[in-house]
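Undergrad: Would you mind keeping the following structure in view while I ask a few things?
The values are calculated or read from the model by the stated rules, or taken from the named source; none is laboratory data. Keep in mind the model is a prediction, meaning the values are calculated, not measured. Don't worry about glycine lacking a Cβ; one is built from the backbone with ideal geometry, like all the others, and counts go over all protein chains shown. Surface accessibility is based on the protein's heavy atoms, side chains included, excluding ligands, DNA and RNA. Shrake-Rupley method; radii C 1.70, N 1.55, O 1.52, S 1.80 Å.
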Amino acid sequence: MQQPQQPIAADLVKKAVHTIQMLAVDGVEKAKSGHPGTPMALAAITFEIFTRHLRYDPADPKWPDRDRFVLSCGHASMLLYSMLHLAGYDLPMEELKRFRQLGSRTPGHPEHFMTAGVEVTTGPLGQGIANAVGMAASIKMLGARFNEVAPISTARVFGIASDGDMMEGISGEAGSLAGHLGLGNLVFFYDDNKITIDGGTDLAFSEDVGRRYEAYGWHVQRIDGHDHDQIRAALDAAVAEEGRPSLIVARTHIAIGSPNKQDSHKAHGEPLGEEEIRLIKQAIGAPAESFVVPDDVRAVFAARAEEGRRAHAGWKEALARLEGAGGEAAALHKRLMGREVPADLLEELVKVAPAKDAATRAHSGVIEQRVAALVPSLAGGSADLNPSTKTYIEGSPAVARGKFEGRNVHFGIREHAMGAFVNGMAVSDGFIPFGSTFLVFSDYMRPATRRSGTCSRCSSSRTTASSSARTGRRTSRWSTCGRCG
Ligand SMILES: Cc1ncc(C[n+]2csc(CCOP(=O)(O)OP(=O)(O)O)c2C)c(N)n1
Ligand SMILES: [Mg+2]
């Protein structure tokens, strides 16, 4: 397990945070569009997440047991791109300079299939934090199957959500489910900056978000989001809390350090302007030039990447132990990680297709049981409609707090969250997820549905069972379309 790294000197921390802030500001300024204020405000928090806890190996962005980082407020994308660049992912400075340009790997909002290190597409507020709940559950479900043999699924999901994320109803549904399931591997910051596009949050938002999440069953802390000691202490406590998801309510100031834009909604969605940037850089002692990364800041991240490489090597040893143990666990692990689907699935299903007329959902139920028997990756559930959708996988328990070995998820009457949850599972490893409800209520899932089902390689909307039939391959990775290579 990767531990917090050696303390970094306070002046170097400050310099690194300024570097993150200025990369984001410079990117937005060069593009002449984007969101500079929020990356500035969140730089300290993100720096602490990446350098203190987040376990990642930039040389292998898909390492299955990496910790995930989800920027639910996708409009602050330049923050994520700056972090990925510094962390050593395949995102060169040239790409930061091409922010929001056609064909760049730095689109206005982060796209999962486009940029290494972007764990899930974000932008529609509320979706990212709800995806993160599905990701955290998926990691626990995988762990429940194998960790006793060897600890191969131990990752945590870190993220940041903004006021907009917290106002959107979907985050409430997902938060409620995460609290119910006791997802202790989920750690989110709430960027409590009291600003949205139209002005102060007091225009439309007055509840105590922290108390709401406490009521959901989360472990909640409240901090000054610019104070590194407080951020570190809260992060350490959140990571140590294994029985509940954690929310760290961080009071921040949008565009902190900007003499004329700090705490103003004007810093949300427009470039700060050359003169304002000059004043900021002068005030914080940053170089006047754009897109500068000092060597000692690079060295901090290089050291962190080295720690990540070591953690990755440790995980490979655990994986070798699992594979070396042989037997059912090793075989199941291989099938899950490959999301294996038999090439003759269709023929197998035709064999059990009921001959008698019945409701389509009754036929579907019969077929699904057969799919479940042939495809161990299949997992999911319904939004409280099991007797009607007939999707409960027989012979497997339901996922519950502290019990993640089952394949059935009771989503409760939460269609919005169900859609985002299964999308979160889809970008995780091991499972081919499904959700179910009445067709008319599937309208509640429409935003999540729009974002699902794209090929992870070429982003076309065709996915697999049919691809294996088309390509004639014995098995195929479920999340690729089979046409792109
Ligand atoms: C579902 C959805 N509705 C609307 C928007 C457009 N939008 C982008 S950011 C934002 C709100 C900004 O406020 P906040 O979330 O607090 O972010 P901050 O300005 O503090 O960075 C809105 C309404 C969106 N991205 N997603
Ligand atoms: Mg805000």
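Undergrad: Given the residues Ala343, Ala303, Ala355, which is the only one that is open to solvent by 30 Å² or more (accessible area, probe 1.4 Å), of a type outside the set (Val, Ile, Thr) and under 30 Å from Thr51 (Cα atoms)?
TA: Ala303
Undergrad: Quick one: would you say Ile129 is more than 16 Å from ligand 1 (Cβ to nearest atom) and open to solvent by less than 10 Å² (accessible area, probe 1.4 Å)?
TA: The answer is no for Ile129.
Undergrad: If you don't mind, there's one more thing I want to ask. Identify, by number, the condition in (1) under 30 Å from Asn147 (Cβ atoms); (2) open to solvent by 30 Å² or more (accessible area, probe 1.4 Å) that His312 doesn't meet.
TA: Looking at each condition in turn, His312 falls short on (2).
Undergrad: Looking at Ser82, is it closer than 15 Å to Val28 by Cα, assigned to a helix (DSSP H, G or I) and within 16 Å of ligand 2 (Cβ to nearest atom)?
TA: So Ser82 fails the test.
Undergrad: Another one. Checking Gly159 against (1) within 16 Å of ligand 2 (Cβ to nearest atom); (2) part of a loop (DSSP other than H, G, I, E, B); (3) within 27 Å of Ala398 (Cβ to Cβ), only one condition comes out false. Which one?
TA: The single condition Gly159 does not satisfy is (2).
Undergrad: While we're here: Would you tally the residues in region 58-110 being open to solvent by 40 Å² or more (accessible area, probe 1.4 Å) and free of Cβ contacts under 8 Å to residues at least 40 places away in the same chain?
TA: Result for region 58-110: 9.
Undergrad: Regarding region 11-27, can at least one residue be identified that is at pLDDT 95 or above, aliphatic (A, V, I, L, M), part of a loop (DSSP other than H, G, I, E, B) and open to solvent by 20 Å² or more (accessible area, probe 1.4 Å)?
TA: Within region 11-27, the first condition is being at pLDDT 95 or above, and the residues that meet it are 11-27.
This time we only want the ones that are aliphatic (A, V, I, L, M), so: 12-13, 16-17, 20, 22-25.
Next cut, part of a loop (DSSP other than H, G, I, E, B) only: none.
No, every residue in region 11-27 fails to be at pLDDT 95 or above, aliphatic (A, V, I, L, M), part of a loop (DSSP other than H, G, I, E, B) and open to solvent by 20 Å² or more (accessible area, probe 1.4 Å).
Undergrad: Another question about this same structure. Look through Leu336, Leu332, Leu279, Leu272 and report the one residue that is modelled with pLDDT of 95 or more, in contact with a Pro (Cβ under 8 Å, 6 or more places away or on another chain), not acidic (Asp, Glu) and not in a helix (DSSP H, G or I).
TA: Answer to the check: Leu272.
Undergrad: Residues in region 360-372 that are of a type in the set (A, V, I, L, M, F, W, C) and open to solvent by 50 Å² or more (accessible area, probe 1.4 Å): how many?
TA: 1
Undergrad: Check whether at least one residue in region 209-223 is touching a helix residue (DSSP H, G or I) at 6+ places or on another chain (Cβ under 9 Å), aliphatic (A, V, I, L, M) and within 15 Å of ligand 2 (Cβ to nearest atom), and report yes or no.
TA: Looking through region 209-223, at least one residue is touching a helix residue (DSSP H, G or I) at 6+ places or on another chain (Cβ under 9 Å), aliphatic (A, V, I, L, M) and within 15 Å of ligand 2 (Cβ to nearest atom).
Undergrad: Just one of the numbered conditions (1) under 24 Å from His75 (Cβ atoms); (2) surrounded by fewer than 24 Cβ atoms within 10 Å (Cβ to Cβ); (3) β-branched (Val, Ile, Thr) is not true of Val239; which one?
TA: (1)
Undergrad: Which of the residues spanning region 163-183 are open to solvent by less than 10 Å² (accessible area, probe 1.4 Å) and either within 12 Å of ligand 2 (Cβ to nearest atom) or within 15 Å of the chain's Cα centre (by Cα) (or both)?
TA: Within region 163-183, Asp163, Asp165, Met166, Ser171, Ala174, Gly175, Ala178, Leu183 meet the criteria.
Undergrad: What number of residues within region 242-262 satisfy the criterion of being open to solvent by 20 Å² or more (accessible area, probe 1.4 Å) and either away from ligand 2 (no atom under 16 Å from the Cβ) or charged (D, E, K, R) (or both)?
TA: Number of matching residues: 8.
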